[in-house]
Amino acid sequence: MSGFKNFILRGSLVELAVAVIIGTSFAAVVTAFTGMLMSFVSKLSGGKEANFDEFAPGDVLVGPFLTALVAFLILAAVVYFFVVVPFTKAKEKYFPDEAEGTPADVALLEEIRDLLKAKA
């Protein structure tokens, strides 16, 4: 029973659960935003719904694919510009990469090594 308790209380499991909950909620926001942009596109196209489902050149029904592709591209742009870019900038600002070069502990060990070589 203690193994199950350890599994349930493991930090990564809790983090994963929170990520799924937040991700699901965020998906609803992005889907609504995509719908809003699709309605904006339909207004630009003269009031017709931005839906290519009936498009079938040469009797090959490619319309549903085109509708899904446009919705995906809008969704990907929203995620990239409103999540990935701000997250990357915030990460660089608040958690900068360590400076290039030898870490302090390695530099100290090299200095001790050089001093021991000089004595011998």
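The values are calculated or read from the model by the stated rules, or taken from the named source; none is laboratory data. Not measured: the values here are computed from a predicted model. Cβ placement follows ideal geometry from the backbone for every residue including glycine, while neighbour counts extend to all protein chains displayed.
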The stretch 81-107: number of residues that are under 19 Å from Phe26 (Cβ atoms) and not β-branched (Val, Ile, Thr)
7
Flag for Thr88 being polar (S, T, N, Q) and closer than 28 Å to Gly35 by Cα:
yes
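Select from the stretch 1-16 the residues that are assigned to a helix (DSSP H, G or I) and more than 28 Å from Val79 (Cβ to Cβ) and write down the one among them that is modelled with the lowest pLDDT. Outline the logic, then answer.
Filtering the stretch 1-16 down to residues assigned to a helix (DSSP H, G or I) leaves 2-8, 11-16.
Now drop any that are not more than 28 Å from Val79 (Cβ to Cβ), which leaves 2-8.
On the way: Ser2: 77, Gly3: 79, Phe4: 77, Lys5: 73, Asn6: 72, Phe7: 70, Ile8: 66.
Restricting to residues being assigned to a helix (DSSP H, G or I) and more than 28 Å from Val79 (Cβ to Cβ), the top hit is Ile8.
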Quick one: which of Gly63, Gly101 is more than 30 Å from Gly3 (Cα to Cα) and modelled with pLDDT under 80?
Gly101
State whether the residues of the stretch 17-39 include one that is on the phi > 0 side of the Ramachandran plot and either over 30 Å from the mean Cα position of the chain (by Cα) or assigned to a helix (DSSP H, G or I) (or both).
no
